[in-house]
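Reviewing the structure listed below.
The values are calculated or read from the model by the stated rules, or taken from the named source; none is laboratory data. Just so we're clear, the structure is a prediction, and the values are computed from it rather than from any experiment. Every residue, glycine among them, receives a Cβ derived from its backbone with ideal geometry; neighbour counts consider all protein chains shown.
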Amino acid sequence: MIKKLKIGVVCYPTYGGSGVIATELGIALSKKGHEVHFISYDQPFRLDIFSENIHYHEVLVPDYPLFEYAPYELNLTSKLIDVVLHEELNILHVHYAIPHASAAVNAQQILLTYGINIPIVTTLHGTDITLLGKDKSFKPVIEYAINKSNAVTVVSESLKKETLKYFNISKKINTISNFIEIDLYDKKYDVKLKNTFVNNEEYLITHISNFRKVKRVCDVIRIFKKVNSKIPSKLLMIGDGPDRIKAEILSRDLGIEDKVRFLGKINITNNILACSDVFILPSESESFGLVALEAMASRNAIVSTNNGGISELNIDKVTGFLSKVGDIQKMANDIILLLQNQDLLEKFKLNAFDHASNFDIHKVLPKYLNVYFQLCQH
Ligand code: GMT
C-alpha cells in the first residue's frame, strides 16, 4: 500500500485564488512527506519556498512561425506525459477545467499506450464554470474533461449547483472548500505599517482582486466615496488587471484620489490585511471568495455581494454583511454602520476570525488526501 504519494499539480501561476489554493495545498502535502511536482508555464507566485519534496516543471511553448496561435494545451499534455513517466507520479491533480483538465485527460489516454494508468483529480474553481461554462464553444470540452476525470471536486456547494446546471455531469462531485493556514494570519498586526496608510482617527478599508470585470472594482470606489463622506477613512486597492485604470480614473473624478491607494500586485497581503478593518468584495459572482477568507483570518469584517459561494463563507450580520450585486448604497450603509459602532465592528472582526478557523488547512487537507488515496489504492 502506497503511503507517500508523488503528485503532479497543474495550476495557473498568476495572481488568483485557484493558483493560491493549488500552491498552498502542494506545499502542505510536501510538509506531510509527499513529493509534489508543480507543472505550469511559470513559477506559481506563492511558490516561494525551497523543499526537497517540491519540484517545478515549466511548460515551454516554442514560437514556430507556422503557428498563428501557440498550442499551449499540447505542450502541457506532452509535459504531463514526460513528468508522469520520468518522475513516476501516482496521481495528477489539476486545478481549473480549461485547459488543465482537458490536457490531463488527453495525457491519461496517451499514457495508457505506455501501460500506465494515472488517475486525475480535477478541481473546479469558478470562472471555468461560471464564465467559460456559459460559452457554448467550450462546453463539449469542459463536459468531457470533467466526466473523464477520476474524481471531481468543487470549492463550494454553489459551484456544484452551477456545474450541474450548465453541464451533463455523470461524475460524483465532491465539495471541498478552500482553506487558509490560520496560524499564518496571527500576530501580523504592525502599527508602524498601519500608520503608513492611516492616522489614528482613520479606518482602513481594503479590496484585493485581479481587477477583472467580474470583480466590479468601480463599485468599490463608489462605495468608498459614500463611506468616506461620513467616516475618516482610506481605501487600499491591491492587485492589478484590466479595470484598474477605470477605478483610478473614477477615484480622480470623484475627488477622492488622495484617499485611495493602488498598491498593485504585492505579496505581503497578510501584513496589510492585519491593519485593515473592513474588506469589500462586490463581485458579480464569486464561487468561493478565497481573498475574503484571508481577510477574515486577518480579522476584517466583510462587506460583499451574495452571488455564489461567498454567501457560504461570509455570514450575513455575523462576519459581515451581504448585499445584492450592484447595491452600492446598502454596502456603503453597512460599512458606515460598522465604523460608527466600535463594539459591533470588534464583534464582527472576532466572528470573522472564528469562522475563518473552520477553514484551516489542517481540517481540509485530509479531505484531499482521502480522494487521492481512494484513487491510488485501485
Ligand atoms: O477570479 C478570481 O479571483 C480568480 C479565480 C481563479 O481561478 O484563480 O478565482 C476563482 O477561484 C478561487 C479559488 O477557488 C475562488 O476563491 C474565487 O471565488 C473564484 N473566482 C470567481 O468565482 C470569480
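Out of 134, 148, I need the residue that is free of Cβ contacts under 8 Å to residues at least 40 places away in the same chain and farther than 17 Å from residue 22 by Cβ. Which one?
134
Could you list all residues from the stretch 276-298 that are surrounded by fewer than 24 Cβ atoms within 10 Å (Cβ to Cβ) and within 18 Å of residue 180 (Cα to Cα)?
Residue satisfying the conditions is 294 alone.
Kindly check whether there is at least one residue in the stretch 321-329 that is closer than 14 Å to residue 279 by Cβ, crowded, with 24+ Cβ neighbours inside 10 Å, touching a helix residue (DSSP H, G or I) at 6+ places or on another chain (Cβ under 8 Å) and not hydroxyl-bearing (Ser, Thr, Tyr).
no
Find the residue count for the stretch 4-34, including only residues that are in contact with a helix residue (DSSP H, G or I) (Cβ under 8 Å, 6 or more places away or on another chain) and under 16 Å from residue 90 (Cβ atoms).
Looking only at that region, the number is 9.
What single numbered condition from (1) more than 24 Å from residue 126 (Cβ to Cβ); (2) of a type in the set (A, V, I, L, M); (3) without any contact (Cβ under 8 Å) to a residue 24 or more places away in the chain; (4) out of contact with any Leu (no Cβ under 7 Å at 6 or more places or on another chain) fails to hold for residue 322?
(1)
I need the full set of residues from the stretch 35-49 which are under 21 Å from residue 88 (Cα atoms) and either away from the ligand (no atom under 16 Å from the Cβ) or of a type in the set (Lys, Arg) (or both), in order please.
Of everything in the stretch 35-49, those that are under 21 Å from residue 88 (Cα atoms) and either away from the ligand (no atom under 16 Å from the Cβ) or of a type in the set (Lys, Arg) (or both) turn out to be 35, 36, 37, 39.
For the stretch 101-137, which positions are among the polar types (S, T, N, Q), within 16 Å of the ligand (Cβ to nearest atom) and modelled with pLDDT under 95?
Scanning the stretch 101-137 gives 127, 130.
Given the criterion within 23 Å of the chain's Cα centre (by Cα), assigned to a loop (DSSP other than H, G, I, E, B) and within 16 Å of the ligand (Cβ to nearest atom), identify the matching residue among 219, 240.
Only one candidate passes the filter, namely 240.
Here are 273, 263: which of them is out of contact with any helix residue (DSSP H, G or I) (no Cβ under 7 Å at 6 or more places or on another chain), within 27 Å of residue 45 (Cα to Cα) and surrounded by 15 or more Cβ atoms within 10 Å (Cβ to Cβ)? Steps first, please.
Values: 273 fails: out of contact with any helix residue (DSSP H, G or I) (no Cβ under 7 Å at 6 or more places or on another chain).
From the options 273, 263, the qualifying one is 263.
Among the residues in the stretch 249-272, are any more than 12 Å from the ligand (Cβ to nearest atom), part of a strand (DSSP E or B), at pLDDT 95 or above and of a type in the set (Phe, Trp, Tyr)?
Yes; the residues of the stretch 249-272 include at least one that is more than 12 Å from the ligand (Cβ to nearest atom), part of a strand (DSSP E or B), at pLDDT 95 or above and of a type in the set (Phe, Trp, Tyr).
Residues that are over 23 Å from residue 167 (Cβ atoms) and in contact with a His (Cβ under 7 Å, 6 or more places away or on another chain): does the stretch 102-116 have at least one?
No; the residues of the stretch 102-116 include none that is over 23 Å from residue 167 (Cβ atoms) and in contact with a His (Cβ under 7 Å, 6 or more places away or on another chain).
Among all residue pairs at least 6 apart or on different chains, which show Cβ distances below 8 Å where the first residue, located in the stretch 10-25, is closer than 22 Å to residue 149 by Cα and within 9 Å of the ligand (Cβ to nearest atom) and the second is at pLDDT below 95 and small (Gly, Ala, Ser)?
11/18; 11/19; 12/18; 12/19; 17/126; 18/126
How many residues, within the stretch 332-361, are closer than 28 Å to residue 172 by Cβ, part of a helix (DSSP H, G or I), in contact (Cβ under 8 Å) with a residue 24 or more places away in the chain and not hydrophobic (A, V, I, L, M, F, W, C)?
Summing the residues that are closer than 28 Å to residue 172 by Cβ, part of a helix (DSSP H, G or I), in contact (Cβ under 8 Å) with a residue 24 or more places away in the chain and not hydrophobic (A, V, I, L, M, F, W, C) in the stretch 332-361 gives 1.
Does the stretch 273-294 hold any residues that are part of a strand (DSSP E or B) and either away from the ligand (no atom under 14 Å from the Cβ) or hydrophobic (A, V, I, L, M, F, W, C) (or both), and which are they?
278, 279, 280, 281
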